[in-house]
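Accompanying notes for the structure given below.
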Amino acid sequence: MGRRHPGPGGDPGHPGPGPLGGPQRARPEKGLRHLQVLNQGGRLGEEKKVLEKLEGKVLRITLNRPFIRNALDSDLMVQTLEILRAHRDDPEVRVVLFTGAGTAFCAGADLNWMRKALTLSYEETVRDSALLADLFYTIYEYPKPTIALVNGPAIGGGVGFVATCDVVITSEEAFFRLSEVRLGLIPAVISYFLVRKVGESRCRELMLTGRKLSAEESLEIGLSHRVVPHGALEQEAGGYIRRFLSAGPQALRWCKEVIERVGTHPPEEIRDYTVDIIAKLRTGPEGQEGMSAFLEKRPPSWSPEAEGKPD
């Protein structure tokens, strides 16, 4: 199930049109085709189910359906994909943060969406499910660090945001549940990310039982990276944001690429790939700037300190 990657010849110092310096991947493009179809009819502009706000170098994406606990439907997924697409190559956006409006993070599928699903054919259901897959693969493969700020319950498909973001900060008041089996369904689309994140054994127990997983348990199994008091969520996120902004943007892109690739390719291929990557990074403009800044005891050009802002 591994995704396609640029070969070792991709140039980290001079990234091409793809998200990590390699060729543009097919999977996000497929999602954009779904997006174009679902946009027909003008429904998208009638309700902002997803809010975007640029806070310095951070893009905050808020699921904005608090009256139904930010439940997923096609419009919400389309709007999120549009926002991610618009900022994918924007140098002014260096971190993406997801959270939910109100008291929930994301309660899974919208009931009205589920009612509509009862009438769909197999082919229509494939297209519908592909949109959800495109959203989560886009987040997982995004070329900038992503943070899930889990402010409340994450259920079913809502766990997909948690499984695909790089860092997950969870409120003590939140919980998680994969309850699809109670409906005669399974969390198929997000299973790839869940298994990679918490392992097959834990996924078996959580997916087969559909039981409630507490915030503390999510930390123990690696689904969350930090669990903090509800009022400390933003402060905890701020610490991660500062660390990300102090790192080279291209280095972060290639970290994500290498981490994903080393788990899905044989050692002999990884050896040549990683040697090639580090050589190109060391000789590329960002690596040269970072090493020079370190030796000269000054902040590198991408650091907030170099821009006269406090770290």
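The values are calculated or read from the model by the stated rules, or taken from the named source; none is laboratory data. Please read these numbers as outputs of a predicted model, since none were measured by experiment. Glycine gets a Cβ as well: all are built from the backbone with ideal geometry, and neighbour counts include every protein chain shown.
Name the single residue, out of those in the range 292-311 being part of a helix (DSSP H, G or I) and exposed (fewer than 13 other Cβ atoms within 10 Å of the Cβ), that is farthest from the chain's Cα centre (by Cα).
By that ranking, first place goes to Leu295.
For (1) of a type in the set (Gly, Ala, Ser); (2) over 18 Å from Gly160 (Cβ atoms); (3) at pLDDT below 95; (4) not in a helix (DSSP H, G or I), each residue gets a yes or a no:
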{"site": "Pro28", "(1), (2), (3), (4)": "no, no, yes, no"}
{"site": "Arg33", "(1), (2), (3), (4)": "no, yes, yes, no"}
{"site": "Thr80", "(1), (2), (3), (4)": "no, no, no, no"}
{"site": "Ile83", "(1), (2), (3), (4)": "no, no, no, no"}
{"site": "Asn112", "(1), (2), (3), (4)": "no, yes, yes, no"}
{"site": "Ser129", "(1), (2), (3), (4)": "yes, no, yes, no"}
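Among the listed residues Phe161, Phe98, identify the single one that is in contact with a strand residue (DSSP E or B) (Cβ under 7 Å, 6 or more places away or on another chain), buried (at least 21 other Cβ atoms within 10 Å of the Cβ) and in a helix (DSSP H, G or I).
So the residue among Phe161, Phe98 that is in contact with a strand residue (DSSP E or B) (Cβ under 7 Å, 6 or more places away or on another chain), buried (at least 21 other Cβ atoms within 10 Å of the Cβ) and in a helix (DSSP H, G or I) is Phe161.
Does the range 217-224 contain any residue that is touching a strand residue (DSSP E or B) at 6+ places or on another chain (Cβ under 8 Å), closer than 23 Å to Ala71 by Cβ and hydroxyl-bearing (Ser, Thr, Tyr)?
yes
Name the residue, out of Glu286, Glu268, Glu220, Glu257, that is in the same structural domain as Pro187 (by TED's automatic domain parsing) and at negative phi.
Glu220
Enumerate the pairs (first residue in the range 110-122 and under 15 Å from Glu180 (Cα atoms); second residue anywhere and loosely packed, with under 14 Cβ neighbours inside 10 Å) with beta-carbon separation below 6 Å, excluding pairs fewer than 6 apart on the same chain, so at least 6 apart or on different chains.
Here the result reads none, with nothing in the range 110-122 linked to a residue that is loosely packed, with under 14 Cβ neighbours inside 10 Å.
When only residues in the range 52-69 that are more than 17 Å from the chain's Cα centre (by Cα) and either in a loop (DSSP other than H, G, I, E, B) or of a type in the set (Phe, Trp, Tyr) (or both) count, which is farthest from Pro304 (Cα to Cα)?
Phe67
Can you tell which of Thr119, Thr103 is at pLDDT below 95, in a loop (DSSP other than H, G, I, E, B) and over 16 Å from the mean Cα position of the chain (by Cα)?
Thr119
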